[in-house]
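Notes to accompany the following structure.
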Amino acid sequence: MSKEHGTPVDRVSLVEVGPRDGLQNEPRLLSLAQRLLLINRLAESGLQRIEVGAFVSPKRVPQMADSAELFEALPRKGATRYGALVPNLQGLQAAIQARVDEIGLFTACSDGFTRANIGISVEESLVSFAPLVAEARRLGIKVRGYLSTVIACPYDGPTRPKRVAALAERLLDLGCHEISLGDTIGVGTPGTVAPMLDAVLHEVPAGRLAVHFHDTYGQGLANLLPALERGIRTIDCSVAGLGGCPYAPGASGNVASEEVVYLLHGLGMSTGVNLDKLAATGQWVSEQLGRPNGSRVGQALHARAREQQPGLDEIAQGECHDP
């Protein structure tokens, strides 16, 4: 734990996935300049891990078509790490050329979902990962393993916690430095998330895990609590709640970054993120996309800003002098 003013502070690392996982599921495409400005604003708010693109077929995911150009234009300054999703060896080679800091590999707990998403079974996906992980590690590039449908699959139904644990261990053994556990369709509750996490933690240390919750049924924030209680300190989130899942009808975006930061700061945890700047970015990108802001915290802070009331960070720091 870090210390502020002599008091131990519990630090949580946020992985901002809005520019990739969020935007790739939005119907309106942002220009390269808009995406670059979004990423810059997110970095300036204090986020140090941002997934910004995907080296996938532009025919399948047109929102990510200019990821190589985006990485070329990124300001390589400070401690911010930029990641990208990679589906195969061709994608890995493109990511290496683009100088990514971290690659993400995607599989799921159910064959129905992996076949719909990447056209192969779970086992086939793990076999295909092995040479990608080996090559990335040889070059000093960190590899993040995404494990989706950890609670349930829209095609195959509920997922057994032991299944999640076994696959998470496989990803760890392959050489992934971190495994992100994703409730892709957002059906989890603390009652189903807790036993899943307990099973996984028997095989994988908490320090190698992240959680990735969608907010389809409004349970995203609640599901973070059992993860935090079990020592998991890496959380995926998406500014303004951007996103969804094209292979999971009805699934909303990831839990909004603004909500996550507000919750963590309220629990006395440190994120290094300026909530007011983050919320302003969420409002800006929502306007660029022509969609409502999916963050209630963001909506509230936008209303405060319009009324020229002090932001939450100012209040928290004792800088509000109104009677």
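Some points to look at:
- Reciprocal of mean inverse Cα separation for the chain (Kirkwood radius, Å): 19.8 Å
- Taking Cα atoms only, the orientation of helix 122-138 departs from the longest principal axis of the chain by about 70 degrees.
- Charge dipole (Cα centre; +1 on Lys/Arg Cβ, -1 on Asp/Glu Cβ; no other charges) of segment 177-297 amounts to roughly 100 debye.
- Heavy-atom accessible area ranking, 1.4 Å probe, most first, across 202, 212: 202, 212
- Using alpha-carbon coordinates, inclination of helix 257-266 to the longest axis of the chain, degrees: 60 degrees
- Residue 142 accessible area, assembled protein chains, probe 1.4 Å, Å²: 100 Å²
- With the whole protein complex present, residue 214 retains an accessible surface near 10 Å², based on a 1.4 Å probe.
- Pairwise label distance in nanometres, residue 287 with residue 128, each label 7 Å out on the Cα-Cβ vector: 4.1 nm
- Computed [θ] at 222 nm, deg cm²/dmol, the chain (DSSP H ≥ 4; -39,500 (n - 2.57); rounded to nearest 500): -12000 deg cm²/dmol
- Rounded D (µm²/s) - segment 63-116, Kirkwood Rh over Cα pairs, Stokes-Einstein at 25 °C, 0.890 mPa s: 195 µm²/s
- Expressed to the nearest 5 percent, the antiparallel share of DSSP beta bridges inside the chain is 15 percent.
- Degrees separating the helix 220-229 axis from the principal Cα axis of the chain, which is the longest one: 80 degrees
- Cβ crowding within 10 Å averaged over residues, with 148-156, 111-119 ranked highest first: 148-156, 111-119
- Once backbone amide H atoms are built at 1.01 Å from N, residue 120 has 115 as its partners under 5 Å, excluding neighbours fewer than 5 places away on the same chain.
- Diffusion of segment 26-183 by Stokes-Einstein, at 20 °C in a medium of 1.002 mPa s and with Rh set to the Kirkwood radius over alpha-carbon pairs, works out to 131 µm²/s.
- Charge dipole (Cα centre; +1 on Lys/Arg Cβ, -1 on Asp/Glu Cβ; no other charges) of segment 29-152 amounts to roughly 280 debye.
- Among 269, 64, the sequence by solvent-accessible area, most first, with a 1.4 Å probe is 269, 64.
- Segment 71-198, accessible area per residue, ligands and nucleic acids excluded (1.4 Å, Å²): 41 Å²
- For segment 61-197, share of DSSP beta bridges that run antiparallel, in % to the nearest 5: 10 percent
- For residue 32, the accessible area of its heavy atoms, probed at 1.4 Å with every protein chain present, is near 60 square angstrom.
- For residue 142, the aspartates and glutamates whose Cα comes closer than 15 Å to its Cα, not counting residues fewer than 8 places off in the same chain, are 51, 101, 102, 173, 178.
- HN-Hα J in Hz across segment 268-284 - Karplus 6.51, -1.76, 1.60, θ = phi - 60°, x for Gly and Pro: x, 9, 9, 10, x, 9, 7, 5, 5, 5, 5, 5, 4, 5, x, 5, 4
- Solvent exposure, largest accessible area first (probe 1.4 Å, DNA, RNA and ligands not counted), of 139, 126: 139, 126
- With both residues required to sit in segment 1-101, DSSP beta bridges show an antiparallel share near 30%.
The values are calculated or read from the model by the stated rules, or taken from the named source; none is laboratory data. Note that this is a predicted model, so its numbers are computed, not measured. Every residue, glycine as well, gets a Cβ built from its backbone with ideal geometry; the counts of neighbours run over all protein chains shown. Heads up: the accessible areas ignore ligands, DNA and RNA and are worked out on the full protein's heavy atoms, side chains in. Shrake-Rupley method; radii C 1.70, N 1.55, O 1.52, S 1.80 Å.
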